[in-house]
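Asks: Questions regarding the structure given below will be posed in turn.
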Amino acid sequence: MGKRLAESLRVALASVRANAVAMATLWLAAAATVAAYYLSPAFAAALGPLKTWQTESGWIAAALNRIAFCGLLPGVFLCAVKSIRPPRPALTVLAYCVWAAMWGVLTDCFYTLQAAVFGSGHGFLTLAAKTAVDQLVWTALFCTPLNAVFFAWLAADFRRVDVVFAVRRGYGPMLFANWIVWLPVAAVVYLFPLALQIQLTGFAGAFWMLAALRAGAGGAR
């Protein structure tokens, strides 16, 4: 058990380390966006149309956000860098887009549920509760098992994969990679109004898709 845990952590760290500069940039951008939103009325006003679009379009806006940032953007990167280009780039990008759109809708519903249960306040207990449920329940019990299978399937070049094996081998690396990337981001996300939360996690999702592809490779056989 200890050996498997150590191996899962090693794979997760390797997947994140491969994009360390992008991750550091992501964290700095998240912190800067929060500071600008609350310290600069002009910046907050500039996000007004994005907030309105999400409010009026709902799940459609959430899906389109994820298609752009978690489907097309990482897809362009995958295709542009020869060393990580998949055997079937077009099919991989299409799979990214469909998968990302689904998660955009589900995540928007989850954020809405969080706001209904815990409220929209920015107090420490509210933020801590939302982040804990996000990472320990939503991520650990729902998102990670499904992502472990999906990314193992991609790593296997769309061939059939053993679901049990994919979860057993990919769950640990995927979960650790998720926590490393998303824990700081999740705490920041809940500082924003509900209508901006799903929209402002796009860039983080783009980085996550690239890290997850590598972390999930261990679940393919």
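The values are calculated or read from the model by the stated rules, or taken from the named source; none is laboratory data. Remember, predicted model here, so these are calculated numbers, not experimental data. With ideal geometry, Cβ positions are generated from the backbone for all residues, glycine too; neighbour counts draw on all protein chains shown. All accessible areas refer to the heavy atoms of the entire protein, side chains included, with ligands and DNA or RNA removed. Shrake-Rupley method; radii C 1.70, N 1.55, O 1.52, S 1.80 Å.
Asks: If a residue must be part of a helix (DSSP H, G or I) and open to solvent by 40 Å² or more (accessible area, probe 1.4 Å), how many such residues does the range 153-162 contain?
Replies: 2
Asks: Which of (1) in contact with a Leu (Cβ under 7 Å, 6 or more places away or on another chain); (2) surrounded by fewer than 15 Cβ atoms within 10 Å (Cβ to Cβ); (3) modelled with pLDDT of 95 or more does Arg85 not meet, given it meets every other one?
Replies: (3)
Asks: Could you grab me the full set of residues in the range 110-128 that are without any contact (Cβ under 8 Å) to a residue 60 or more places away in the chain and either closer than 16 Å to Gln199 by Cβ or open to solvent by less than 30 Å² (accessible area, probe 1.4 Å) (or both)?
Replies: Hits for the range 110-128 are Phe110, Gly119.
Asks: Now a separate question. Would you point out which residue out of Ala132, Ala195, Ala186 is within 17 Å of Ala115 (Cα to Cα) and free of Cβ contacts under 8 Å to residues at least 24 places away in the same chain?
Replies: Criteria check complete, one pass: Ala132.
Asks: If you don't mind, another one. Wholly within the range 48-101, which helices (runs of 4 or more DSSP H) include no fewer than the required count, namely at least 2 residues that are touching a Phe, Trp or Tyr at 6+ places or on another chain (Cβ under 7 Å)?
Replies: Filter on the range 48-101 gives 59-66, 73-80.
Asks: To continue, here is another question. When the range 163-182 is examined, which residues are found to be surrounded by fewer than 23 Cβ atoms within 10 Å (Cβ to Cβ), β-branched (Val, Ile, Thr) and in contact (Cβ under 8 Å) with a residue 40 or more places away in the chain?
Replies: Of everything in the range 163-182, those that are surrounded by fewer than 23 Cβ atoms within 10 Å (Cβ to Cβ), β-branched (Val, Ile, Thr) and in contact (Cβ under 8 Å) with a residue 40 or more places away in the chain turn out to be Val167, Ile180.
Asks: Select from the range 11-56 the residues that are in contact with a Pro (Cβ under 8 Å, 6 or more places away or on another chain) and modelled with pLDDT of 60 or more and list them in ascending order. Show your work before the answer.
Replies: The first filter runs over the range 11-56 and keeps only residues in contact with a Pro (Cβ under 8 Å, 6 or more places away or on another chain), leaving 11-12, 15, 27, 30, 51.
Selection gives Trp27, Ala30, Lys51.
Asks: Out of all the residues in the range 142-152, is one or more open to solvent by 40 Å² or more (accessible area, probe 1.4 Å) and closer than 19 Å to Phe203 by Cβ?
Replies: No, the range 142-152 contains no residue that is open to solvent by 40 Å² or more (accessible area, probe 1.4 Å) and closer than 19 Å to Phe203 by Cβ.
Asks: Would you pick out the residues in the range 183-194 that are open to solvent by 20 Å² or more (accessible area, probe 1.4 Å) and assigned to a helix (DSSP H, G or I)?
Replies: Of everything in the range 183-194, those that are open to solvent by 20 Å² or more (accessible area, probe 1.4 Å) and assigned to a helix (DSSP H, G or I) turn out to be Leu183, Pro184, Ala187, Val188, Leu194.
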